[in-house]
Amino acid sequence: MSRVFNFSAGPAALPVPVLEQVQSELLDWRGIGASVMEISHRSKEFLSLAEQSEADLRTLLAVPDEYSILFLQGGAQMQFSMVPLNLLNEKLRADYVDTGHWSRLAIEEAKRYGRVNVAATGADAGYTAIPARDSWRLDPAASYVHYTPNETLTGVEFHWVPDVGATPLVADMSSTILSRPVEVSRYGLIYAGAQKNIGPAGLTVVIVRRDLTGRCAPNAPKLFDYRRQADAGSMANTAPTFSWYVSALVFRWLLDQGGLEEIARVNQRKSTKLYRCIDGSEGFYSNRVAPDCRSWMNISFHLTSPELESEFLARAEAQGLIGLKGHRAVGGMRASIYNAVPEQAVDTLIDYMNHFRHSHG
Ligand SMILES: *Cc1c(COP(=O)(O)O)cnc(C)c1O
């Protein structure tokens, strides 16, 4: 067996010790004589996993008591609908900040339910920078402000939390959650699809201040109601048990690594060396993102021609470096270096990039 170095944007790499544990207990989980996939989500064994995983996530992110944590299905994009349906309430107005692909899709969906004010956009700058906070035009009557802390396609990341006064701040953290500590109390709601930095696809984590729930639009699907899901322990219907279970193992793994402060140190180090390789390449590789908003998680870069990019990708794959092709909307390369991508993978990629450059320079 040989494992590749996997830079996939999502679904993405998982920690090897987690995969090994999954493998070892696949046929017989906790002495039940069946796998975790084959038992009731309401069994006492699964309920204890659910409880422990929530406690671990609370510890990792220091989530205050007044926040509910939900383990839902439907992916991050279902939250593009659930957020407005739950939070717009009678005002039916919301602010959105547009920093790229995922912000735009969130905006399009929210427009189905209410009046969306695009408070700021990075479009004019080709989404290579984040509009400064003092340029945002917020609607004083908005029910919430939505933004995307890390735009996964281009690799544009907020390294600051926007101050939006008393209006609840909502964040799509799909590709940055658990990469560093977060001050949860600055947010009304945080959501993230699991398949980037949490676990397998199929699970979506929502962290919501409880006082913002309980006012879901009456005609919304009942499973969309945050309060209903919170009161049901995220089991208003069958929970995504397998991805929840793997995610719970990832939370444990993160705690074993020393928690998010330690993880953040590693992530910063990994991304810094990769940017240094790109910036030091005398234009052979280029990344156009403004230095103060370069992502720690998704690092995009171009070579000087499409032919060279194809060759770069093909040779990378032949050497066991996979998932480097950029999103079709952006082109070029993208190295996604989430928590589970080891520093050794980044070092190997850098060696490969340097070697490729010198053999084509
Ligand atoms: C991947 C991603 C999504 C889409 O997630 P789905 O789970 O496929 O709906 C949304 N937002 C961001 C920031 C993402 O990275």
- Query: So LEU105 fits all but one of (1) within 16 Å of the ligand (Cβ to nearest atom); (2) assigned to a loop (DSSP other than H, G, I, E, B); (3) free of Cβ contacts under 8 Å to residues at least 40 places away in the same chain; (4) among the hydrophobic types (A, V, I, L, M, F, W, C); what number is the exception?
  - Reply: (2)
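Taking the conditions exactly as written (part of a loop (DSSP other than H, G, I, E, B), under 22 Å from the mean Cα position of the chain (by Cα) and surrounded by 17 or more Cβ atoms within 10 Å (Cβ to Cβ)), does VAL63 satisfy them or not?
On the way: part of a loop (DSSP other than H, G, I, E, B): yes; under 22 Å from the mean Cα position of the chain (by Cα): yes; surrounded by 17 or more Cβ atoms within 10 Å (Cβ to Cβ): yes.
Answer is yes for this residue.
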- Note on the structure: THR121 fails exactly one of (1) surrounded by fewer than 22 Cβ atoms within 10 Å (Cβ to Cβ); (2) within 26 Å of ARG227 (Cβ to Cβ); (3) among the hydroxyl-bearing types (Ser, Thr, Tyr), namely (2)
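I'd like to verify a number: residues in segment 1-38 that are hydroxyl-bearing (Ser, Thr, Tyr), closer than 24 Å to ILE337 by Cβ and modelled with pLDDT of 95 or more, how many? Before you say what the answer is, go through the steps one by one.
Applying the first criterion (hydroxyl-bearing (Ser, Thr, Tyr)) to segment 1-38 yields 2, 8, 24, 35.
From what's left, closer than 24 Å to ILE337 by Cβ: 2, 8.
With modelled with pLDDT of 95 or more added as a condition, the list becomes 8.
The qualifying residues number 1.
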- For segment 173-192 the number of residues that are more than 9 Å from the ligand (Cβ to nearest atom) and under 8 Å from the mean Cα position of the chain (by Cα) is 1
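Would a scan of segment 147-158 turn up a residue that is farther than 21 Å from SER179 by Cβ and part of a loop (DSSP other than H, G, I, E, B)?
Kept after step one, since they are farther than 21 Å from SER179 by Cβ, are these residues of segment 147-158: none.
For segment 147-158, residues farther than 21 Å from SER179 by Cβ and part of a loop (DSSP other than H, G, I, E, B): absent.
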- Message: Anything in segment 126-163 that is touching a Leu at 6+ places or on another chain (Cβ under 7 Å) and either within 11 Å of the ligand (Cβ to nearest atom) or within 15 Å of LYS91 (Cβ to Cβ) (or both)? List them, or say none.
- Response: SER143, TYR144, VAL145
- Message: Six or more apart or on different chains, Cβ atoms under 7 Å: show the pairs whose first residue is in segment 74-88 and in contact (Cβ under 8 Å) with a residue 12 or more places away in the chain and whose second is within 12 Å of the ligand (Cβ to nearest atom) and polar (S, T, N, Q).
- Response: GLY74/THR204; GLY75/THR204; ALA76/SER174; ALA76/THR204; MET78/THR204; GLN79/THR204
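The values are calculated or read from the model by the stated rules, or taken from the named source; none is laboratory data. Since the structure is predicted, the reported quantities are computational estimates derived from the model, not experimental observations. Note that each Cβ is placed from the backbone with ideal geometry, even for glycine, and that neighbours are counted across all protein chains shown.
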